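The values are calculated or read from the model by the stated rules, or taken from the named source; none is laboratory data. Bear in mind that the values here come from a model prediction, so they are computed numbers and not experimental data. Using ideal geometry, Cβ is built from the backbone for each residue, glycine included, and neighbour counts are taken over all protein chains shown. Surface areas here come from the heavy atoms of the whole protein model, side chains and all, with no ligands, DNA or RNA. Shrake-Rupley method; radii C 1.70, N 1.55, O 1.52, S 1.80 Å.
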Amino acid sequence: MASFDPDRISLPGGHYIHGRLVQETGTLPVSRPSDGKVYAMLPSADAGCVDAAVDSARRAFGGSDWARRPPRDRARAMRRWADLIEADIDYLAALESLGSTRPIDQARAWDVPYTAEGIRFFAEFADKCGGEVAATAHDHLGMQIAEPLGVVGAIAPWNFPLSMTCWKVAPALAAGNTVVLKPSEMTPFSAVRLATLAVEAGVPPGVFNVIQGSGPVAGEALCRHPGVAKVTFTGSTGTGRAVMRACAETGPKPVTLELGGKSPQLVFADVPDLDRTAQTLAAAITGNAGQVCVAGSRLLVERPLLEPLVERLQQCFATLEPGLTWHAGTRFSPLISDAQARRVETIVSRAREAGAELLTGGTRFDTESGGCFYRPTILQVGASDNPAVREEIFGPVLTIQAFDDEEEALGLAEHEIYGLAAGVHTADLGRALRAVRRLSAGTVWVNRYGRSRDYILPTGGYKRSGIGRDLGRAAYEANLHHKSVLVDLTP
Ligand code: TXE
């Protein structure tokens with residue numbers, strides 16, 4: 001399927017609890033970012049609904065065989081689930097791109113297959129990480145047995161609804177936990193479809209539940225629920241703080257937090273192919289219209305490259321035209337909402353008042369569609385305390401600062417608040433590895449930028465960009481606790 005008609009997609013509305021869709025009258029309007037049209041009214045889970053979902057997950061944890069079945073059987077159900085997701089690509093990709101910022105081509109080429117394969121990746125851990133035997137005295141046997149935590153509360157953002165659901169839910173389920181997920185109220189539907197397919201694949205009802213609603217009501221109630229053993233969250237640093245507070249006050253219970261970023265890209269004058277580097281840098285800030293936690297939003301350039309690089313970036317940006325997410329061929333995404341567009345505009349205008357020079361962009365595209373499309377923008381900035389350098393913008397806005405040597409570049413790269421990712425572009429291996437050592441970032445990409453399908457590499461933040469890791473073995477192990485056992489073997 002290529003383009004599709006957004007008015008003809010049926011919505012799996014409501015919550016999904018214990019293997020059943022729960023339809024309720026909706027009060028939260030849900031809009032399509034491409035044209036701003038309200039296309040659904042979403043129910044908002046109150047305390048009773050959150051109770052019902054957590055109770056379903058608790059019953060499934062204790063009463064179904066999910067946590068106790070042979071781990072290869074758990075993995076097999078997850079692999080079947082991944083197969084069903086791939087077979088459902090027409091519907092799932094349309095559902096994803098209808099209400100989010102993900103163009104249909106990208107939803108088909110990336111989000112859906114990435115989600116299915118991510119589920120398979122985590123399923124493979126199920127029978128491989130059971131604990132370990134400890135080095136105790138010879139007349140004793142010591143073990144650490146890995147056990148699931150119970151009910152995991154998961155809260156996902158709107159920028160990549162399917163993949164973020166996968167990051168949160170797949171490791172929790174593979175480890176034998178059950179889950180209550182709250183997707184973003186702005187992109188609520190594809191997660192419900194995923195949960196429905198899980199049950200079709202043989203995952204017992206109640207193992208994966210979805211509740212809908214606003215963050216401060218439904219999300220907060222989920223974090224505070226005494227039946228929730230752990231919370232995993234992706235979103236803004238401010239909301240991450242609220243999640244942690246709620247978990248501390250009602251637990252404490254463990255949290256995994258993947259939060260904001262302001263990731264630097266260091267470009268040295270020895271890069272062998274400036275055209276290619278420029279394309280990488282442009283994609284790193286315009287992909288999903290910059291609404292990516294690891295967006296490469298701070299460009300640090302060795303001074304002789306400043307002009308030629310800006311020129312090439314402008315050429316790349318000029319090829320991007322706004323498009324409806326349901327049209328095949330759309331490459332440039334809308335911003336998620338008018339509120340997000342106003343946030344971008346406000347930071348850009350404060351940045352200019354503080355001395356940033358606008359080199360390109362700086363306004364919305366003039367479109368008929370009713371969606372909010374912001375032009376790819378470059379701000380040349382002198383001082384690092386400029387708002388566009390300090391604050392996460394979450395739009396296609398790149399700041400650019402020139403440096404004269406490696407030491408200055410590394411100094412500029414250091415951010416007061418964030419440390420999610422960084423990029424280094426150079427032909428000098430020694431310099432690249434020196435930078436890798438010095439950069440405060442959970443991920444460093446060298447001579448490339450952005451995610452691959454290497455699920456084995458964990459992702460997460462230094463500083464206030466987060467606590468714990470998604471992806472990799474680390475994400476799986478964060479869904480287990482270990483019981484120490486010591487057996488006296490003396491006759
Ligand atoms: O995020 P929130 P918003 C950043 C980005 C963006 C800004 C605001 O800078 O401009 O955050 O976006 C739920 N208790 N990122 O307001 O609030 C909420 O319902 C529990 C970075 O959308 O962090 C949603 O499901 N949950 C980011 C989720 O938290 C609460 C991705 C994320 O919402 C809650 C998205 C509460 N009190 C935005 N309040 C990334 N790191 O990728 C809200 N939520």
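In whole Å, largest first, what are the principal axis extents of the Cα atoms in region 339-491?
So the three principal-axis extents are 82, 44, 27 Å.
FRET efficiency for residue 11 and residue 327, Cβ-Cβ distance as r, R0 = 22 Å, nearest 0.05?
It comes to 0.65.
With an 8 Å Cα cut-off and a minimum separation of 6 or more residues, compute the relative contact order for region 281-432 in percent.
It rounds to 30 percent for region 281-432.
Give the distance, in whole Å, between the Cα centre of region 339-403 and the Cα centre of region 198-263.
31
Could you work out how far the C-alpha centroid of region 8-86 sits from that of region 88-138, in angstrom?
Using only Cα atoms to place each centre, the spacing works out to 16 Å.
Nearest 10 degrees, 0 to 90: what angle lies between the long axis of helix 112-123 and the longest principal axis of the chain (Cα atoms)?
Compared with the principal axis, the helix lies near 40 degrees.
Kindly state, to the nearest 0.05, the FRET efficiency for residue 354 paired with residue 433, given R0 = 22 Å and r defined as their beta-carbon distance.
The computed FRET efficiency comes out at 0.05.
Run the numbers on region 31-185 and let me know its relative contact order in percent, using alpha-carbon pairs under 8 Å that are six or more apart.
Dividing the mean separation by the residue count of region 31-185 yields 26 percent.
Can you tell me how much longer the chain between residue 467 and residue 366 gets when fully stretched, taken as 0.36 nm per residue apart minus their C-alpha distance, in nm with one decimal?
The residue 467-residue 366 span can extend by a further 32.4 nm.
Give me the one-decimal nm value for the distance between modelled label points at residue 404 and residue 303, 7 Å along each residue's Cα-to-Cβ direction.
Label at residue 404, label at residue 303, 0.5 nm between them.
Can you tell me how much longer the chain between residue 90 and residue 24 gets when fully stretched, taken as 0.36 nm per residue apart minus their C-alpha distance, in nm with one decimal?
Full extension of this stretch gives 21.1 nm more.
With bins 5 Å wide starting at 0, give me the P(r) of region 1-135 over every alpha carbon pair, in whole percents.
Calculated P(r), rounded to whole percents: 2, 9, 13, 14, 16, 17, 14, 8, 4, 2, 1, 0, 0.
With +1 assigned to the C-beta of every Lys and Arg and -1 to the C-beta of every Asp and Glu, and no other charges, what is the dipole magnitude of region 438-491 about the Cα centre in debye, to the nearest 20?
420
Could you list which residues have their amide H under 5 Å from that of residue 379, counting only those 5 or more apart in sequence or on another chain, with H placed in the peptide plane?
Answer set, sorted by chain and number: 359, 398, 399, 400.
Could you tell me the calculated FRET efficiency between residue 37 and residue 311, based on Cβ-Cβ distance and R0 = 41 angstrom, to the nearest 0.05?
Result of the calculation: an efficiency of 0.60.
Give the relative contact order (percent, whole number) for the chain; include only Cα pairs under 8 Å separated by 6+ residues.
19
Taking Cα centroids, how far is region 161-189 from region 412-449 in Å?
30
Scan around residue 423 for amide H atoms under 5 Å from its own, H built in the peptide plane at 1.01 Å from N, and keep only partners 5 or more places away or cross-chain.
Those qualifying (amide H under 5 Å, at least 5 residues apart or on another chain) are 265, 266, 445.
What residues have an amide H closer than 5 Å to that of residue 208, excluding those fewer than 5 places away on the same chain, when H is modeled at 1.01 Å from N in the peptide plane?
Amide H neighbours of residue 208: 179.
Quick check on region 88-242: what are the equivalent-ellipsoid semi-axes from the Cα gyration tensor, as sqrt(5λ), descending, whole Å?
Each semi-axis is the square root of five times an eigenvalue, giving 31, 20, 13 Å.
Given 246, 395, 323, which one lies farthest toward the positive end of the charge dipole of the chain, if we put +1 on the Cβ of every Lys and Arg and -1 on the Cβ of every Asp and Glu?
Of 246, 395, 323, it is 246.
Jot down the per residue volume, in cubic angstrom and as a whole number, of the convex hull over the alpha-carbon atoms of the chain.
151
From the backbone phi of region 134-145, what are the Karplus-calculated ³J(HN,Hα) couplings (6.51 cos²θ - 1.76 cosθ + 1.60, θ = phi - 60°) in whole Hz, Gly and Pro given as x?
Going residue by residue, I get 8, 7, 9, 4, 4, 8, 10, 10, x, 9, 10, 9 Hz, with x marking Gly and Pro.
With a 1.4 Å probe and every protein chain kept in, tell me what percent of the accessible surface of region 61-109 is carbon plus sulfur.
It is 51 percent, rounded to a whole number.
For residue 270 and residue 140, compute 0.36 nm times the residue count separating them, minus their Cα-Cα distance, and round to one decimal in nm.
40.8 nm
Between residue 414 and residue 249, what is the label-point separation in nm under the 7 Å Cα-to-beta-carbon projection?
About 3.6 nm, to one decimal.
Which three semi-axes in whole Å describe the equivalent ellipsoid of region 19-75, each the square root of 5 times a Cα gyration tensor eigenvalue, listed largest first?
In descending order, the three semi-axes are 34, 17, 8 Å.
Could you tell me how many degrees, from 0 to 90 and to the nearest 10, lie between the Cα long axis of helix 338-353 and the main elongation axis, the longest principal axis, of the Cα atoms of the chain?
40
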